[in-house]
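Got a structure for you, written out below as C-alpha cells; questions coming shortly.
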Amino acid sequence: MYAQLVKSEGLKSREEMSPQEQAFQDRVDKGEKIEPKDWMPEGYRKTLVRQIGQHAHSEIVGQLPEGNWITRAPTLERKAILLAKVQDEAGHGLYLYSAAETLGVSRDELLDKLHSGKMKYSSIFNYPTLNWADIGAVGWLVDGAAIMNQVPLQRTSYGPYSRAMIRICKEESFHQRQGYAIMMKMAQGTPDQKNMAQDALNRFWFPSLMMFGPSDKDSVHSAQSMAWKIKINTNDELRQKFVNETVPQAKYLGLTVPDEKLEWNEEKQGYDFSEPDWSEFFEVIKGNGPCNRERMDARVKAWEDGEWFRDGLNAYADKAADRRKAASVAAE
Amino acid sequence: MPDVETTVDVAANDPIMTDAALRPAFFEWLCRLGDNALILGHRTSEWCGHGPVLEEDIALANTALDLIGHTQMWLGLAGELEGEGRDADTLAYLRDAMKFRNILLVELPKGDMAVTMMREFLFDAYHHLLLTWLSSNSSSPRVAEIAAKAVKEVSYHLDRASDIVVRLGDGTAESHRRMQDALELLWPYTGEMFKADEVDERLSDAGVAPDLAQLRGAWETKVRDILEEATLTMPDPAGYAHLGGKQGRHTEHLGFILAEMQFLQRAYPGASW
Ligand SMILES: [Fe+2]
Ligand SMILES: [Fe+2]
C-alpha cells in the first residue's frame, strides 16, 4: 500500500505485556481511539511514525507521475480536474505529516529521512506515466488500490491518523472516478486511444497489485500491527478484494487484464490471479525502479531550491515578532 | 406551469454581443483576457509537485486552477461571440502562437519562486484593477458577469502575492536580492499592460473596457506601496517597455509552451478526451 513494508515489532502475548500494556491493548480491543496525550507503547508510536510517514511521503512523491501530464492535459477541463486532483494529494501529505507531528516527529525530520533515503514511499510511484491514458490508469488503479486500504484505516486505533483517513477517503473517490472517466473516454475513443488505454493497463496492472505489499506468508510483521489496529486487513485480503472489484471494471472498458491465469473461482467467489513478480518489487524498493532516481532528484531539488524561500519567510517572521515586541515595550 | 420562453435572447440580454461592427475587436480583446489567464495558469501549474514547501505547492496549484477556470469563461465567450463553432478548447489548443493575444509578461519562464511570485504580484495588481472595473462598469453584461466571478479569486491571489513579496523582500539578504533581481527582470514587461492599441480603444469607446491609461495610476500606487514595504526599489515606470504580445508577436518561449500544451490535440486530431 502507500505504506508497504513497514517494519514493526513481533507480536507480544498477553503474558509478556506489562499491566500498562495490557490496559492499552484493552482500550484498542474495545475500539477506543488512542489520542496523542495518552500513554502508548514505544513500539506502537514508532510503528505509527513509520507508517504515517511512509504514507505522507507517498502522497507527495505521488504528485510527480501525474504532475508530469498537467501541462499536456488534452482539454481545459481535464487540466483543471488533474490540477485539483494532484493538489488534493499534496493536501493529503499535509494532513498526514500533521498526524505524524502529534507523535513527536516534525515534518522537516521526516522529509530529511525521505531525502536521505532512510524512509520509503510506495513503489508504485517509481513507474513512469508515458501516455495520457496512464493518468486514467493511475486514478483508476492506484487511487483505487489506495481506497481499498484507506477505507478500513478510517477505523484505525490512533485518533489523528483515523481522522486524517476520513478526510482523505472523501477525496479519494473523486480521484478514482476521474481516472475511470479518462479510461472510459480512451477505451471508447479512436483506435490510437484504445491502444493507449490497453498499454496503460498492461504496465500498471502488476505494479498496482504490488501496492498491497508482499504476500501474507512473507510479511512477518503484520501480526502486532493488526493487534494494535494500525493495520486492519492482511495484504492478501486487500489484494483479492481489489482484483475482484477491478476485473469487471476492466471488462466494462473492453480492456484485457494482462494475466493469462486470471479466472473466476466459483468456490471462493473471487478471481484466481497471478502473483506479481516479487523480485521486481524488491528491486524497485531497493531503488532500481524505472523512476526512483528521477522522483528522488525532483523532491530533493524542490527542497534545496526552496531553502532560500523558506529562510526568507522565517527571517521575516522573526523580524516581525521583534518589531511587535519593540512596539509593545515602547507602548508601556 | 404556462409555457415560458426559455431561449435567452442574446441581443436583449447583451446588445454588445450582437454589435457586428465591434465584433472583430471584441473577439481580439476577449482572447487577450483568456490567453493571459491560460498562459499564466500554465506557467503556474509547472510548479505542481515542485514547490518549496507543501503549503506553497497547494497555493500555486490553486492559483493555476482558478486561472484555467477564467480561461474557460473568457475563451468560451470569445468563441460564442465569433459564432464559428470554436469553443474554449478549440481556441486554446488549435491556435498557433501568432494567434495568441497574451501579454509577453505571462509567457516568460517561471524562473525561481522570486520570479514566479513577483510576476504574479505585478500581474495580479493589474488584473485585479481591470476585473474590478469590468465587474461594475462594463457595458457588456456578459463581460461584467465573468469579471465578477473572477475578481473574487484574483483578489485573493493579489493578497497572497503581495504578502509574499513583502516577506521575501524584507526577509534574508538572499531573498531580498532575488526579489530585486526578479523585479528588474520583469519590469520592462509591465508596460504592455497599459499600452492601449486600436482594439483597446474601440472597446473602451464602447464602454466594454476601461481606458488602460487610467488604470495605470492606481496600479503604480499599489505596486509602489507594496515594494516599499518589501524594502525593494521600484524601477522607473517610464522605462523601456517590451510590446507585441497583444498583437501576436511573442517571445520564443510561447512556441514551446504551445508545443507542450497542444501536443495531444495536434497529434490525434478529432479525438475526444
Ligand atoms: Fe491521496
Ligand atoms: Fe488520491
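Bear in mind these aren't lab numbers, they're just calculated from the coordinates by the rules spelled out. Being a predicted model, the structure only gives us computed values, none of them experimental. Neighbour counts run over all protein chains shown; Cβ positions are idealised from the backbone, glycine included.
Could you give the distance between the Cα centres of region B:236-253 and region A:63-93, to the whole Å?
So the separation of the two Cα centres works out to 31 Å.
Report the local net charge at B:Ile257: Lys and Arg +1, Asp and Glu -1, summed over other residues whose C-beta lies under 15 Å from its C-beta. Show your work: numbers first, answer last.
Details: positive: A:Arg72, A:Lys79, B:Arg43, B:Arg95, B:Lys99, B:Arg101, B:Lys110, B:Arg119, B:Arg266; negative: B:Asp35, B:Glu46, B:Asp96, B:Glu107, B:Glu252, B:Glu260.
Around B:Ile257, the surrounding residues sum to +3.
How large is the charge dipole for chain A, taken about the Cα centre, if only the Cβ atoms of Lys, Arg (+1) and Asp, Glu (-1) carry charge, to the nearest 20 debye? Each step should come with its number before you reach the end.
Values: 44 positive and 49 negative charges, 165 e Å.
With only Lys, Arg, Asp and Glu charged at Cβ, the dipole is about 800 debye.
Between region A:137-208 and region A:282-323, how many Å separate their Cα centres?
27
Still on this structure: Under a point-charge model restricted to the Cβ atoms of Lys and Arg (+1) and Asp and Glu (-1), what is the dipole moment magnitude of region B:22-267 relative to its Cα centre, in debye to the nearest 20? Provide the component values of the computation, followed by the final result.
Numbers: 24 positive and 39 negative charges, 85 e Å.
Dipole about the Cα centre, nearest 20: 400 debye.
Once Lys and Arg get +1 and Asp and Glu get -1 on their Cβ, which of A:Gly67, A:Ile147, A:Ser219 lies farthest toward the positive end of the dipole of region A:14-289?
Highest projection toward the positive end goes to A:Gly67.
Let me check I've understood the local charge: for B:Val223, count other residues with C-beta under 14 angstrom from its C-beta, Lys and Arg +1, Asp and Glu -1. What total comes out? Before the final figure, lay out each step's value.
Working: positive: B:Arg119, B:Arg216, B:Lys222, B:Arg224; negative: B:Glu120, B:Asp124, B:Glu184, B:Glu220, B:Asp225, B:Glu228, B:Glu229, B:Asp236.
Within the 14 Å Cβ shell, the charges total -4.
Something else about it: Does the protein assembly as shown come out rounded, prolate or oblate, given a ≥ b ≥ c as the square roots of the eigenvalues of its C-alpha gyration tensor, rounded meaning a/c under 1.5 and, failing that, prolate meaning a/b above b/c? Write down the numbers at each step before the final one.
Working: a/c = 2.30, a/b = 1.46, b/c = 1.57.
Cα axes put the protein assembly as shown in the oblate bin.
Restricting to Cα pairs below 8 Å that are 6+ residues apart, what does the relative contact order work out to for region B:22-267? Please round to a whole percent. Please report the intermediate quantities before stating the final value.
Values: 352 pairs, mean separation 62.0, N = 246.
Averaging sequence separation for qualifying contacts and normalising by length gives 25 percent for region B:22-267.
Counting only other chains, what is the mean number of Cβ atoms within 10 angstrom of the Cβ of each residue in peptide B:67-74?
Numbers: counts 2, 9, 3, 0, 3, 5, 0, 0.
Mean shielding count: 3.
Filter the chymotrypsin sites (Phe, Trp or Tyr not before Pro) in region A:36-91 to those in DSSP coil with at most 15 other Cβ atoms within 10 Å of their Cβ, and list the result. Working shown, then result.
Details: sites: A:Trp39, A:Tyr44, A:Trp69; in loops: A:Trp39, A:Trp69.
When the chymotrypsin sites (Phe, Trp or Tyr not before Pro) of region A:36-91 are filtered for loop state and at most 15 Cβ neighbours within 10 Å, A:Trp39 remain.
Relative contact order for region A:14-289: what percent, with Cα pairs under 8 Å and sequence separation of 6 or more? All intermediate terms of the calculation are to be shown ahead of the outcome.
Working: 325 pairs, mean separation 52.5, N = 276.
Contact order relative to length: 19 percent.
A further question on this structure: Once Lys and Arg get +1 and Asp and Glu get -1 on their Cβ, which of A:Trp39, B:Ala173, B:Asn36 lies farthest toward the positive end of the dipole of the protein assembly as shown?
Highest projection toward the positive end goes to A:Trp39.
If packing is taken as the mean number of other Cβ atoms within 10 Å per residue, what is the order of B:172-179, A:60-67, highest first? Intermediate results must be reported in sequence, preceding the final value.
Numbers: B:172-179: 19.0, A:60-67: 25.5.
Most protected by this proxy first, the peptides run A:60-67, B:172-179.
Which residue, chosen from B:Ala148, A:Asn314, A:Leu111, occupies the Cα position most advanced towards the positive end of the dipole of the protein assembly as shown, where the dipole is computed from +1 (Lys, Arg) and -1 (Asp, Glu) charges on Cβ about the Cα centre?
A:Leu111
Here is a follow-up. Please express the shape of region A:14-289 as an equivalent ellipsoid: the semi-axes are the square roots of 5 times the eigenvalues of the C-alpha gyration tensor, given largest first in whole angstrom. Don't skip to the answer; put the middle values down first.
Details: eigenvalues 226, 98, 54 Å².
Three semi-axes, in Å: 34, 22, 16.
Oh, and also: Of all alpha-carbon pairs in region B:61-191, indicate the percentage at a distance above 18 angstrom.
Summing the P(r) of region B:61-191 above 18 Å gives 61 percent of all pairs.
Can I ask one more? Dipole size in debye (nearest 20) for region A:229-332 around its Cα centre, Lys and Arg Cβ +1, Asp and Glu Cβ -1? Write out the running numbers ahead of the final one.
Numbers: 17 positive and 22 negative charges, 161 e Å.
Here the size comes out at about 780 debye.
Would you give the gap between the C-alpha center of region B:79-100 and the C-alpha center of region B:180-229, rounded to a whole Å?
Comparing the Cα centres of region B:79-100 and region B:180-229, I get a distance of 26 Å.
Per DSSP helix of 4 or more residues, -39500 (n - 2.57); summed, then divided by the residues of the protein assembly as shown. What does that give at 222 nm, rounded to the nearest 500? Intermediate results must be reported in sequence, preceding the final value.
Details: 26 runs with 380 residues, N = 605.
Here the helix-only value at 222 nm equals -20500 deg cm²/dmol.
A further question follows. Compute the Kirkwood hydrodynamic radius of chain B, taking the inverse of the mean of 1/r over all pairs of distinct Cα atoms, and give it in Å to one decimal. List each step's numbers first, then the result.
Working: mean 1/r = 0.0516 Å⁻¹.
Roughly 19.4 Å, rounded to one decimal.
Another question about this same structure. Lys and Arg at +1, Asp and Glu at -1: add these up for the other residues within a Cβ distance under 12 Å of B:Leu130 and post the number. Before the final figure, lay out the partial values.
Details: positive: B:Arg32, B:Arg216; negative: B:Asp124, B:Asp200, B:Asp211.
So the environment of B:Leu130 carries a net charge of -1.
What FRET efficiency, computed as 1/(1 + (r/R0)^6) with R0 = 45 Å and r the Cβ-Cβ distance, is obtained for A:Asn195 and B:Arg177, rounded to the nearest 0.05?
Numbers: r = 51 Å, r/R0 = 1.14.
So, using R0 = 45 Å, E works out to roughly 0.30.
May I ask you to sort A:Phe212, A:Phe206 by Cβ crowding, counting other Cβ atoms within 10 Å and putting the fewest first?
Numbers: A:Phe212 25, A:Phe206 18.
The most exposed by this proxy come first: A:Phe206, A:Phe212.
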